[in-house]
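Worksheet: one structure, shown below.
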Amino acid sequence: MITTDRYVLPYRERGVPDHTDGPPVIRLYHRGQGHSGHRPGECVTCGREVASFLHSLRVGVTGRSTTTSTTLTSTSGGTTPPCLQWRDVLVLYKEGVSDQSGVVTGLQEAGIPVQVMRDDDIEDVVKARSDVVWVTRGHRVAGLERKVVVCLENPDYGSDRSEYFEQLGQGIIICPRLDLMSRCTSQLVIVSTDDKPLEGD
């Protein structure tokens, strides 16, 4: 997207120091025993693994945070910040996710309040009114940021270049590593089908 297709301007030096590195990117894989379906969004096990990681961050825990979740929230005056809330988490995908999808089921089974965004939910999502984990297609919330972003990669991305450019011309965001990751301000989780780079990355 940057070096070949030139749809994204190359980065340039800003002349000022960059921030220190944040928490590492977490990679989860849609493969192996217990996984099902073609995409991570179809898989209950992927939902459970995402839920397990969110619980490890102590998201939704009442009271004050521990070291793990403190790293995801800025501090001032030496006080410990409150724990992450469910509204701080956004799950993004390209296609193939609904209320009955495996990943949503897996999150629900783990006790996580999760909702798939519909058209009339957009204001709630933008203003983070409800303390839930919203699940939505990435292009529907372009520019919206959350502290924790979970990207469900599409294994078919890059397999049809003509479809890719047609969708790009329509303003549809389909590249998870470029577009979905940019929604994250603290902790990024990528759920992919393989540890090899996707075509075009």
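The values are calculated or read from the model by the stated rules, or taken from the named source; none is laboratory data. Since we're looking at a predicted model, the values are computed, not measured. Note: ideal-geometry Cβ built from the backbone for every residue, glycine included; neighbour counts use all protein chains shown. Heads up: the accessible areas ignore ligands, DNA and RNA and are worked out on the full protein's heavy atoms, side chains in. Shrake-Rupley method; radii C 1.70, N 1.55, O 1.52, S 1.80 Å.
Residues in the range 140-169 that are in a helix (DSSP H, G or I) and at pLDDT 80 or above: 2 in all.
Table: residues versus (1) farther than 19 Å from LEU28 by Cβ; (2) free of Cβ contacts under 8 Å to residues at least 24 places away in the same chain.
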| position | (1), (2) |
| --- | --- |
| GLN100 | yes, yes |
| VAL104 | no, no |
| ARG118 | yes, yes |
| ILE122 | yes, yes |
| LYS127 | yes, yes |
| ASP131 | yes, no |
| GLU145 | yes, no |
| VAL148 | no, no |
| CYS151 | no, no |
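When we screen ASP99, ASP121 for residues that are acidic (Asp, Glu), open to solvent by 20 Å² or more (accessible area, probe 1.4 Å) and within 22 Å of HIS35 (Cα to Cα), the only hit is ASP99.
Could you tell me whether any residue of the range 116-132 is in contact with a strand residue (DSSP E or B) (Cβ under 7 Å, 6 or more places away or on another chain), of a type outside the set (Asp, Glu), over 17 Å from LEU188 (Cα atoms) and in a strand (DSSP E or B)? Among the residues of the range 116-132, at least one is in contact with a strand residue (DSSP E or B) (Cβ under 7 Å, 6 or more places away or on another chain), of a type outside the set (Asp, Glu), over 17 Å from LEU188 (Cα atoms) and in a strand (DSSP E or B), which makes the answer yes.
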